[in-house]
Amino acid sequence: MKKTKVYILILVIIVLSLICRSILTFDSINYKLNIDGNKIRVKELVNKDNYYIEIKTDKNTYPFRIYDNLDNKRKVVKDIYYYKDKNTECVLPIINDKLYSDMLCIKEDILYNYNDLEGEIISLDKYISSIEKYNIKSFNNEPKGTKNIGTVKYNIYDNIKHNSAITTYKGLIINDIQIKLFEKDIYNNKLSAFINNYYIIADYEKTYSFKNFYIVNLNTKKITILENKNYISYDSYIQGIVDDKIYLYDKDNENQYEIDIEKNKIEVVSSDNYVKYYANKKWEKLNKTKANKEIYFDYETLDNNFSTYDYVEEIENYYYLFKKDGISYRLYRIDKNNIDVYKYILNVPTSNIYFKDNYLYYVYKTKLYYYSDEVGLKTILENSELEFNDTIKYHIY
């Protein structure tokens, strides 16, 4: 009898814990809104650092992902601005009394931001102009002001949520703070990398080889030194980064190094004849003869579902798809929660793009550009050296 009571008590505790867990970290919630006589369904899915919101009309699905602290609230979509004519349908959700994106419109089965369609449909333009919360100027690439730091000109905007760092010939600039690492100008700093919230660079003030790396904490601006036991030749290259570790190959001495910044540790990981090589999400062996020809890690894994695209980038909750369009690419995005819905982002002049959450950054000629669903395309900074020196690096964190 006592055992039965104990089992029942344990079962009750398990059930209650599951209920509490469900309440505190609920997976999803579904509800409906009546918008001008149209029944619109809303699905919310709360993740660790974002909200996935899916809005469904009779015919179409509109996915939104919000990277903001909404306090794990339920039913955050308070209202939806809804437009429909014979050829076009658009939705714009009001989330906790705020706009987190441009209005999304579907055209030929592809989602577009209204900003890309402005001027094409007079009735849609008129409808948008009647929305008091919506300001088309917030999507224009017009800064509030500028600020010069050395050779870098920064543009000032509202609602830019990330910090930036860019290398210079003597060190780097973190937001608007200059960090000096060298007395002389270093024009070729290829033995350097940004990883998480750190910047690492070889001691370029030696002659032919070096032992030390400088490491800068981008948050604290603190500089530390990582010392290697042996000299490393400047005729080296960084093969890639895997699991927050940097892999550097010294061609002169035929040594492959694994650098762990968090542990402030560097060690040789190559054998007599082979180095470690990362491709298709797994480790392989690479002959040192091939490594001497500068073979970089291969991170690309092309999904067969997107084989008609020229290049695919898988980033956290998204797939980004590049389609060649003359000398540029048409960039599309698919949310992993609904891979049947394609959203056009913008035309980009390069496939070398840094993605973070709903944001992307890329360099073209002398400028660093930023895009987000909330504010559109912006020019973050301008530096004439970007066009002529491809060893200048930038980082967003």
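So which residues in segment 141-164 are surrounded by 12 or more Cβ atoms within 10 Å (Cβ to Cβ) and over 23 Å from residue 221 (Cβ atoms), if there are any at all? Within segment 141-164, 141, 143, 157 meet the criteria.
Does segment 10-34 hold any residues that are among the aliphatic types (A, V, I, L, M) and either part of a loop (DSSP other than H, G, I, E, B) or at pLDDT 95 or above (or both), and which are they? Across segment 10-34, the qualifying residue is only 33.
Here residue 138 meets the list (1) within 25 Å of residue 331 (Cβ to Cβ); (2) surrounded by 13 or more Cβ atoms within 10 Å (Cβ to Cβ); (3) free of Cβ contacts under 8 Å to residues at least 60 places away in the same chain; (4) of a type outside the set (A, V, I, L, M, F, W, C) almost entirely, failing just condition (3). Out of everything in segment 185-218 that is under 22 Å from residue 242 (Cα atoms) and part of a loop (DSSP other than H, G, I, E, B), what residue ends up being nearest to the chain's Cα centre (by Cα)? Across segment 185-218, the extreme among qualifying residues is 196.
Could you go through segment 59-71 and let me know if any residue there is modelled with pLDDT of 95 or more and loosely packed, with under 14 Cβ neighbours inside 10 Å. No, the conditions are met nowhere in segment 59-71. Here residue 117 clears all of (1) within 28 Å of the chain's Cα centre (by Cα); (2) surrounded by 13 or more Cβ atoms within 10 Å (Cβ to Cβ); (3) closer than 23 Å to residue 37 by Cα except the condition numbered (3). Consider residue 159 carefully, then state whether it is outside any strand (DSSP E or B), among the polar types (S, T, N, Q) and over 23 Å from residue 245 (Cα atoms). Yes, satisfied.
Identify the residue in segment 80-114 that is in contact (Cβ under 8 Å) with a residue 60 or more places away in the chain and in a loop (DSSP other than H, G, I, E, B) and, among all such residues, is surrounded by the most Cβ atoms within 10 Å (Cβ to Cβ).
Here the residue is 102.
If you go through segment 225-263 and pick out every residue that is closer than 25 Å to residue 174 by Cβ, surrounded by 13 or more Cβ atoms within 10 Å (Cβ to Cβ) and over 25 Å from the mean Cα position of the chain (by Cα), you end up with 1.
Quick check on residue 239: is it among the polar types (S, T, N, Q), closer than 17 Å to residue 194 by Cβ and touching a strand residue (DSSP E or B) at 6+ places or on another chain (Cβ under 7 Å)?
On the way: among the polar types (S, T, N, Q): yes; closer than 17 Å to residue 194 by Cβ: yes; touching a strand residue (DSSP E or B) at 6+ places or on another chain (Cβ under 7 Å): yes.
Yes, satisfied.
Quick check, is residue 334 at pLDDT 95 or above, over 13 Å from the mean Cα position of the chain (by Cα) and over 23 Å from residue 196 (Cα atoms)? Break it down into steps so the answer makes sense when it comes.
On the way: at pLDDT 95 or above: yes; over 13 Å from the mean Cα position of the chain (by Cα): yes; over 23 Å from residue 196 (Cα atoms): yes.
When the stated conditions are applied, residue 334 passes them.
Which of the following residues is under 30 Å from residue 275 (Cα atoms), surrounded by 14 or more Cβ atoms within 10 Å (Cβ to Cβ), among the β-branched types (Val, Ile, Thr) and more than 17 Å from the chain's Cα centre (by Cα): 315, 295, 353?
Sole residue among the options that is under 30 Å from residue 275 (Cα atoms), surrounded by 14 or more Cβ atoms within 10 Å (Cβ to Cβ), among the β-branched types (Val, Ile, Thr) and more than 17 Å from the chain's Cα centre (by Cα): 295.
For residue 79, the requirement of being under 17 Å from residue 341 (Cβ atoms) and either charged (D, E, K, R) or at pLDDT 95 or above (or both) is not met.
Given the structure, is residue 284 on the phi < 0 side of the Ramachandran plot, part of a strand (DSSP E or B), free of Cβ contacts under 8 Å to residues at least 24 places away in the same chain and buried (at least 16 other Cβ atoms within 10 Å of the Cβ)? Don't jump to the end; show me each part of the working.
Values: on the phi < 0 side of the Ramachandran plot: yes; part of a strand (DSSP E or B): yes; free of Cβ contacts under 8 Å to residues at least 24 places away in the same chain: yes; buried (at least 16 other Cβ atoms within 10 Å of the Cβ): no.
In short, no.
State all residues of segment 287-317 that are among the hydroxyl-bearing types (Ser, Thr, Tyr) and either at positive phi or assigned to a loop (DSSP other than H, G, I, E, B) (or both); if no residue qualifies, say none.
Of segment 287-317, the ones among the hydroxyl-bearing types (Ser, Thr, Tyr) are 289, 296, 299, 301, 307-309, 311.
Correct list: 296, 299, 301, 307, 308, 309.
The values are calculated or read from the model by the stated rules, or taken from the named source; none is laboratory data. Here the structure is a predicted model, which is why all the values come from computation and not from measurement. Note that we place each Cβ from the backbone using ideal geometry, even for glycine, and neighbour counts take in every protein chain shown.
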